[in-house]
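K.L.:
Dropping a structure here in structure tokens format, bear with me for questions.
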Amino acid sequence: MPPEPATEFRPNARPAVSTDRDELARLAARALEHLAAHRGGALFGDRDVRTDPVADALTAELTSTAHGSGVVLVGCLGPVVVGYAAAHVETTARSSVSVVDDLYVEPEARGVGVGSALMDALVAHATRAGCSGIESAALPGDRATKNFFEGYGLVARKITVHRSLGADPTSQSAADG
């Protein structure tokens, strides 16, 4: 068993504050790079994640979480920010569910408990908000993410299927002229 980390460098999660804005933007950009490396990641990045400029979107989220039911967290090793998470609450027909929009930890800081600290804080937030469940997305083939979420009891409830038709979504057609 590895030795216990020094108290000052234990993994922890805390609410993000406005001074975390630049670090959040840097981590969000790294998260998008991570997504792009996985099957379905490019389309997921185009369709399902926050829009650029990421720093502005996160600043708006930080402001709204102070008054709403969402949460933005930073994951740290001691005082050093090495990850982040964001979630919002959606009302369903019968209850509400916490949706994890982002959960990312720097590759060099994985495996020591930062992701767990973030996920524990997200579950606690969802519980306090009265949510009936918590959910997120994992890309096909991203076994590490799937295993991480399964360790928290999250299981697939829906599988999205997609077929590419060959059009490059980043280029404009002549008709868009």
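K.L.:
Filter segment 93-103 for residues that are more than 13 Å from L122 (Cα to Cα) and touching a residue at least 12 places away in the same chain (Cβ under 8 Å); which is nearest to the chain's Cα centre (by Cα)?
P.N.:
Across segment 93-103, the extreme among qualifying residues is S96.
K.L.:
Just a yes or no: is a residue in segment 101-108 open to solvent by less than 60 Å² (accessible area, probe 1.4 Å), touching a Ser or Thr at 6+ places or on another chain (Cβ under 8 Å) and closer than 27 Å to L24 by Cα?
P.N.:
Checked against the condition, which is being open to solvent by less than 60 Å² (accessible area, probe 1.4 Å), touching a Ser or Thr at 6+ places or on another chain (Cβ under 8 Å) and closer than 27 Å to L24 by Cα, segment 101-108 yields at least one hit.
K.L.:
Given the conditions (1) at pLDDT 95 or above; (2) part of a strand (DSSP E or B), which single one is not true for H88?
P.N.:
Only one criterion is unmet by H88, namely (1).
K.L.:
Based on this model, can you work out whether R94 counts as more than 29 Å from R26 (Cα to Cα), modelled with pLDDT of 90 or more and open to solvent by 70 Å² or more (accessible area, probe 1.4 Å)?
P.N.:
Judged against the criteria, R94 is a match.
K.L.:
For segment 122-133, indicate whether the set of residues that are polar (S, T, N, Q), touching a helix residue (DSSP H, G or I) at 6+ places or on another chain (Cβ under 8 Å) and farther than 15 Å from L24 by Cβ is non-empty.
P.N.:
Within segment 122-133 (the criterion being polar (S, T, N, Q), touching a helix residue (DSSP H, G or I) at 6+ places or on another chain (Cβ under 8 Å) and farther than 15 Å from L24 by Cβ), the answer is no, since none of the residues qualifies.
K.L.:
Let me ask something else. For segment 120-156, which residues satisfy the criterion of being open to solvent by less than 60 Å² (accessible area, probe 1.4 Å), within 15 Å of V71 (Cα to Cα) and part of a helix (DSSP H, G or I)?
P.N.:
If the condition is that a residue be open to solvent by less than 60 Å² (accessible area, probe 1.4 Å), within 15 Å of V71 (Cα to Cα) and part of a helix (DSSP H, G or I), then A121, L122, V123, A124, H125, A126 are the ones that fit.
K.L.:
Take V74 and tell me if it is in contact with a strand residue (DSSP E or B) (Cβ under 6 Å, 6 or more places away or on another chain) and surrounded by fewer than 19 Cβ atoms within 10 Å (Cβ to Cβ).
P.N.:
For V74, the condition - in contact with a strand residue (DSSP E or B) (Cβ under 6 Å, 6 or more places away or on another chain) and surrounded by fewer than 19 Cβ atoms within 10 Å (Cβ to Cβ) - is not met.
The values are calculated or read from the model by the stated rules, or taken from the named source; none is laboratory data. What you are looking at is a predicted structure, and each value in this text was computed from that prediction instead of being measured. Here Cβ is always computed from backbone atoms with ideal geometry, including for glycine, and neighbour counts include all displayed protein chains. To get the accessible areas, we keep the full protein, side chains included, count just its heavy atoms, and leave off ligands, DNA and RNA. Shrake-Rupley method; radii C 1.70, N 1.55, O 1.52, S 1.80 Å.
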